[in-house]
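Just so it is clear, none of the values below were taken in a lab; they were calculated from the coordinates. Just so it is clear, the model here is predicted, and its values are computed rather than measured. Reconstructed Cβ throughout: ideal geometry from the backbone, glycine too, with neighbour counts over all protein chains shown.
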Amino acid sequence: MKILKVGTVFIVVILAVTLFTLRVTGLEPQYLDLNDLRAHHMIARPGLWLKGEVVTTPVTDWSFVDKVEHPGRSLNTVLVETRTPYFIPHSVRTMPFVRNGQLYIRSHQDRMDLQFPNDKSWTSNVARDPRVRIKIGDKLYEATMVLIADRAQAIALLDRNPETLQTGPDGQEHVVGYDHIFRVFQRNIPEYGGNQPSPSSAGLSPRNKP
């Protein structure tokens with residue numbers, strides 16, 4: 001019994017030291033090019049805390065996101081740090097897009113047997129607590145992510161059907177994927193960065209306000 005207690009304490013100490021080290025140094029999600037992603041069934045290792053300089057000035061035009069250099073990488077990605085119920089963040093790497101100077105983040109659902117947002121850990125976290133940190137280049141932006149629930153608006157933003165359709169053995173088309181879209185609002189910035197509307201005035205759910 002004494003050996004078991006000593007072993008348990010040792011494991012707890014090692015875990016605490018590891019988490020403290022990662023809290024200080026950060027742990028970014030894995031980057032995989034498209035071919036590597038496909039080879040890994042579109043799954044890359046997630047991360048924990050993100051490190052970088054926090055931007056405290058308003059952003060009124062996010063178009064610069066498309067111009068951020070990513071040497072040695074074929075995909076222009078951003079990092080999203082979400083809040084978990086157990087106080088250790090869960091961060092992922094995903095692809096953003098900009099429309100009319102506004103920033104959007106897409107989450108592709110390919111597990112149709114699970115109800116969104118529970119098909120992914122990070123979307124489930126955002127649904128529970130929409131406050132996130134987004135890393136673009138070497139800068140961090142505190143933000144709120146709000147789901148675009150209106151299908152017509154999603155189609156207009158994507159300029160296509162958000163559904164991925166596939167013809168099944170029965171000869172009928174079935175939905176095998178869906179692109180969910182979140183709009184990004186700066187958090188802790190007055191009026192969401194100057195002239196940006198709040199989620200409520202933008203026609204989004206007020207329960208997701210920062």
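What to note about this one:
- Listed residues His108, Pro96, Thr164: farthest to the positive end of the dipole of region 68-192 (Cβ charges): Pro96
- In terms of its C-alpha gyration tensor, region 84-154 comes out oblate, because a/c is 1.5 or above while a/b does not outweigh b/c.
- The aspartates and glutamates whose alpha-carbon is closer than 15 Å to the alpha-carbon of Lys120, local same-chain residues fewer than 8 away aside, are Glu81, Asp110, Asp129, Asp179.
- Gln172-Asp150 FRET efficiency (beta carbon distance; Förster radius 35 Å; 0.05 resolution): 0.85
- Segment Arg111-Met95, length gained on full extension (0.36 nm per residue, minus Cα span): 3.9 nm
- Burial ordering of Asp129, Asp66, Asp119, fewest other beta-carbon atoms within 10 Å first: Asp66, Asp129, Asp119
- Counting every other Cβ atom within 10 Å of each residue's Cβ, Phe182, Phe87, Phe64 order from fewest to most as Phe87, Phe64, Phe182.
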